[in-house]
1. Read through the list (1) within 13 Å of the chain's Cα centre (by Cα); (2) crowded, with 23+ Cβ neighbours inside 10 Å, then give the number of the only condition that MET36 fails.
2. Within region 44-64, count every residue that is over 13 Å from CYS95 (Cβ atoms), crowded, with 17+ Cβ neighbours inside 10 Å and in contact with a Leu (Cβ under 8 Å, 6 or more places away or on another chain).
3. Restricting to region 22-54, and then to whatever is in contact (Cβ under 8 Å) with a residue 24 or more places away in the chain and touching a helix residue (DSSP H, G or I) at 6+ places or on another chain (Cβ under 8 Å), can you tell me which residue is nearest to TYR65 (Cα to Cα)?
4. Of all residues in region 75-90, which are within 16 Å of ILE110 (Cα to Cα), of a type in the set (Lys, Arg) and surrounded by fewer than 13 Cβ atoms within 10 Å (Cβ to Cβ)?
5. Anything in region 42-89 that is assigned to a strand (DSSP E or B), among the β-branched types (Val, Ile, Thr) and farther than 14 Å from TYR124 by Cα? List them, or say none.
6. I'd like the full set of residues that are farther than 14 Å from TYR47 by Cβ, free of Cβ contacts under 8 Å to residues at least 40 places away in the same chain and hydroxyl-bearing (Ser, Thr, Tyr), limited to region 81-131.
Amino acid sequence: MTKIKIITGFGIYLWAFSIFAHGENQIGQNGGKIRMPGAYHTEVLDYQGKGFKIYLLDISFKNPYTMNSKVNAKIISSKSEKVLKCYSHPDHFYCKGSSSEIDQEGILEIISERNGSKGMAVKYNLPIKEN
């Protein structure tokens, strides 16, 4: 029984360490939530309850970049999946949704590419609360 507790404790430690090592415990430069899909970071903010601002930041959590980049986003709830329409702006992407979708409990899943570097899917719990 003691071995199981030790192994479980060590597993939790490694899981927590991996989150902190990738910056997911930090607040982004724009005040949003951080995830690391690959060789860059994503930062997400709720934009006035109408959609999401998504920043593609470098490994140092800076220099948002949209050229030669793309974002695909969808909201996954217990009842449905809704693909969001995403638009490129000079320093971020804006993904439009409805307030009823954005404010409900669920998952925002983002698949992105920053300057040709493809990332894996990252997930954010909804609703996204401001920091």
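Quick note: the coordinates plus some simple rules give every number you see, no bench work behind them. Treat the numbers as computed from the prediction; the structure is a model and nothing was measured. For neighbour counting, all protein chains shown are included, and Cβ atoms are generated from backbone atoms with ideal geometry for every residue, glycine included.
1. Unmet for MET36, out of (1) within 13 Å of the chain's Cα centre (by Cα); (2) crowded, with 23+ Cβ neighbours inside 10 Å: (2).
2. Summing the residues that are over 13 Å from CYS95 (Cβ atoms), crowded, with 17+ Cβ neighbours inside 10 Å and in contact with a Leu (Cβ under 8 Å, 6 or more places away or on another chain) in region 44-64 gives 1.
3. Just the residues of region 22-54 that are in contact (Cβ under 8 Å) with a residue 24 or more places away in the chain, to begin with: 23, 26-40, 42, 44-47, 49-54.
The next check asks that each one be touching a helix residue (DSSP H, G or I) at 6+ places or on another chain (Cβ under 8 Å); those that pass are 46, 49-52.
On the way: ASP46: 19, GLY49: 24, LYS50: 22, GLY51: 19, PHE52: 16 Å.
Residue satisfying both the conditions and the ranking: PHE52.
4. Of everything in region 75-90, just one residue is within 16 Å of ILE110 (Cα to Cα), of a type in the set (Lys, Arg) and surrounded by fewer than 13 Cβ atoms within 10 Å (Cβ to Cβ), namely LYS85.
5. Of region 42-89, the ones assigned to a strand (DSSP E or B) are 42-47, 51-57, 70-76, 81-88.
From what is left, the residues that are among the β-branched types (Val, Ile, Thr) are 42, 44, 54, 71, 75-76, 83.
If the condition is that a residue be assigned to a strand (DSSP E or B), among the β-branched types (Val, Ile, Thr) and farther than 14 Å from TYR124 by Cα, then VAL71, VAL83 are the ones that fit.
6. The first filter runs over region 81-131 and keeps only residues farther than 14 Å from TYR47 by Cβ, leaving 81-83, 88, 90, 100, 104-107, 109-123, 125, 131.
Subsequent filtering for residues that are free of Cβ contacts under 8 Å to residues at least 40 places away in the same chain retains 81-83, 88, 90, 100, 104-107, 109, 125.
Selection gives SER88, SER100.
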